[in-house]
Amino acid sequence: RTALTGQEYGGVVSLESSAPGVLWAVTDAGLLKVLYGQPYTVVGRSSGVSISWPQLVSWRGRPVIVSGGLIYDPLPEGALGIPRYKPIFDRSWTGVWGVAEVGGRLLVATGAGISCAEPDGGTSLVLPGFHAERLVALDEATCLAIAPDSIAAIRRGPAGWSECAVRADGVGYPYVVHSGPSSAWVELGLNRV
């Protein structure tokens, strides 16, 4: 029905729809907020986000941006409708490079390991020492943690988070990841997936 063409729509690496009538696109120039039937909005420095390898997930019904090692949470929109973001400061979330929403919980990968933000506001370290560069939700309870040298699968069960499979060898640096039906697609560089 609609084709969004032109330079401003080039280099799309990820799409996310967090609310009816809203499409987010992660591009090489920044983040685009496209309202169906309306002009697009660019999210970048003017919105309070420093763009560096951005990732976008929907958590608690709103978009959360990870860029440059920080997690950004949306602020209420101002009178002009321009989206604004502020970094979420949690001491355990220093150097964030991977993020995924799994069953209403936000998983965050840092140099310390993988942490989980619970719906009640608390955080816990669920896979210490595993330095994942990217996280990919496979379903409502399972997530892949992808590092250059190994890949771990974690699952939330009645007793909490645990590894649910033997670790696999890594395949290189995961620049961009996409989830598919019960799978993860990893872009490893030019012409390598």
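Accessible-area rank, largest first, for Trp97, Trp161, Trp24: Trp97, Trp161, Trp24, with all protein chains present and a 1.4 angstrom probe.
For region 132-181, taking the reciprocal of the average inverse distance between every pair of different Cα atoms yields a Kirkwood hydrodynamic radius of 11.2 Å.
The values are calculated or read from the model by the stated rules, or taken from the named source; none is laboratory data. Values in this document were obtained by computation on a predicted structure and should not be read as measured data. SASA here: full protein model, heavy atoms, side chains in, ligands and nucleic acids out. Shrake-Rupley method; radii C 1.70, N 1.55, O 1.52, S 1.80 Å.
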